[in-house]
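A short write-up of the structure that comes next.
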């Protein structure tokens, strides 16, 4: 063998020649055969119909090119494609998987070496060499062929390759794919993929100087290791925390000798440092994707992240900026992201987001609903399979994502979008009609909001006000703590845009998954149950006083409603009221206009408060239920953990009994109560809430129309009677959801 470096240099020269696609492929397989001193070199490409088609050969019959095919798993070539692993055989015809194709004329060839052609861990094809003499190809020859396959993978991905594809067919790399995820929002979006964190694109594959490439790799590894060590040394990386565990995993992988040896070996075979990282990561990803061990599959993201970190160091490509030009119908695809990152994008061009992770009650999902974006989560492995600019359809209600859809599917969804637009027009026609059931029960429908951009939608939905304005979003998108006057300006604008309708401002609720970089705190093992929300505010009274001062000032003599989040015990609420009273007195002394009416309410979202409602309710002007956290704490099931968050139905017997207890106690003390959690915006769940006596529901703006239509079409009293019987003492195993669906169906309600 002349050596992989010589071969790669010849391949680079061939790539630069002005050749037709088939001529280029024919020359490449001839070069490989000559360099490796083999009688045959063949290149098979995986088509979108799961068939491996012979695209080029040196040594087999020319007429078999584009005629011979094997299914994935069929024959030795199909076996390599299915397993994504190299296969070396001394006597190929004796292997049980061997499949003979007479049109190829491969009868005389005994020795066989085949390797998968991989990109992002996906099999794109198979590269094979064969010899007449029985012999076993060695590790060096296998490595050389794998290195060559890396170059071919990039060639397949170019548009030049399209001329070799038969009409009506395509290669597997570009075939349509469907991902079944979890629905975050309603709605359908058609558009173009925008990767939130684009992969580093390697353009230079073939090394000029392998020793120089080795030095570059060593320097990049050292830089990356130092950066990981620096992050681990920060004071907020406490032992046993999730972020520290991830970084410890990165450090372990970054120092793994086997990984580094494979990188160095790829460089020694003629690849650049960047191409070596991509080549090794391709192999690693292919093996891990096919593993049945859930632990190994979970580590795949760690390896991907580590490889991307190293590529960014090598290429000097820093973290991809989010402030970049978006196409008209941008659909954001990400492994995961925080709400602040989402808010950095141009919302006029953004239509949807798709996440590999996250749950429907994660704050990024809540913000997506608030922005009116279609959103789907748990779309496993989509980031590695899609490319910027790919066509994509996001079906919110079904939780499905269609990548590179067919024209027929696009047309079907375009028709659905038109139907959805008609539904929106129908809901718009309901906006001025009273939200009253057929048997005369008035239901107050309100908005959940957090951005002033949401508030003009009050006109479109006909909602009676804002039941929850999340003030933390202003803090999350800022690079520093907003000053008093900046907060005042935001709250005044919110009041102005609500046009006289009531608005409830919730005090700062940060911590958990709502991270604010400039409010550094020690990382926690269970952040949802840690130093967050009211606990943080009471510990940092300056932060609390500043926000209260801004709210009271923004009222400018008008009414003001303040909601206190995450109250665990009555004394916390009483203490917060004391701070509010002191700031009110300070405002009056300074000559400011006090609110004409000041009301302070508690958010019920911690189970312990259920057992002292008779203490906290007399202190409250109103209360709101935060069902997202309350249901999570009641179930001891992290709402961001998809494995457990979907296990428990939020309106099943134990949860609905707890909610009814709160409603009954609020009624006993004459305290107005509102549901502000995500339950209020789902039809069946909203029906359950109304059935237990809840008459004030606050939800994302797009949910108002469907809920209002349901309210106007129902008779609530018989539903209340049936649900009360189901919740009665001695009832076990009653399917509340099934009962409600049955009752709604009998009344002809759209749910």
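Label segment 335-475 by shape, choosing from rounded, prolate and oblate, from the square roots a ≥ b ≥ c of the eigenvalues of the Cα gyration tensor; if a/c is under 1.5 it is rounded, and otherwise prolate applies when a/b is larger than b/c, oblate when it is not. Walk me through the numbers before you get to the answer.
On the way: a/c = 2.30, a/b = 1.40, b/c = 1.64.
Oblate, since a/c reaches 1.5 and b/c is not below a/b.
Sort 259, 571 so the one with the fewest other Cβ atoms within 10 Å of its own Cβ comes first.
571, 259
I need the peptides 7-16, 680-689 ranked by packing, meaning the mean over residues of other C-beta atoms within 10 angstrom, with the highest value on top.
680-689, 7-16
Among 422, 431, 561, which comes first, second and so on when ranked by fewest other beta-carbon atoms within 10 Å?
Least crowded to most crowded, the residues run 422, 431, 561.
Going by how many other Cβ atoms sit within 10 Å of their own, how do 100, 648, 44 line up, fewest first?
100, 648, 44
I'm a student and want to see the number: the projected area of the Cα convex hull of the chain, averaged over all directions, in nm².
For the Cα atoms of the chain, the hull's average projected area reads 36.2 nm².
I want the antiparallel fraction of DSSP beta bridges within segment 430-746, as a percent rounded to 5. Please report the intermediate quantities before stating the final value.
Working: 2 of 28 bridges.
If we restrict to bridges inside segment 430-746, about 5 percent are antiparallel.
Percent relative contact order of the chain, based on C-alpha pairs within less than 8 angstrom and at least six residues apart?
10
In terms of the Cα gyration tensor, with a ≥ b ≥ c the square roots of its eigenvalues, is segment 430-746 rounded because a/c is under 1.5, prolate because a/b exceeds b/c, or oblate?
prolate
Roughly what % antiparallel, to the nearest 5, for the DSSP beta bridges in the chain? Working shown, then result.
Numbers: 46 of 84 bridges.
Among the beta bridges of the chain, antiparallel pairing accounts for roughly 55 percent.
Quickly estimate the mean residue ellipticity at 222 nm for the chain, helices only: each DSSP H run with n ≥ 4 gives -39500 (n - 2.57), and the total goes over all residues, rounded to 500.
One gets -13500 deg cm²/dmol as the mean residue ellipticity at 222 nm.
With r defined as the distance between the Cβ atoms of residue 197 and residue 166 and R0 fixed at 41 Å, what FRET efficiency is calculated, to the nearest 0.05?
Once the sixth-power term is evaluated, E becomes 0.70.
What is the distance in Å between the Cα centroid of segment 694-746 and that of segment 35-87?
60
No value in this document is a laboratory result; all are computed from the given coordinates. Worth saying up front: this structure is predicted, and the values here are computed from it rather than measured. When we count neighbours, we look across all protein chains shown, and the Cβ atoms used for this are built from the backbone with ideal geometry, even at glycine.
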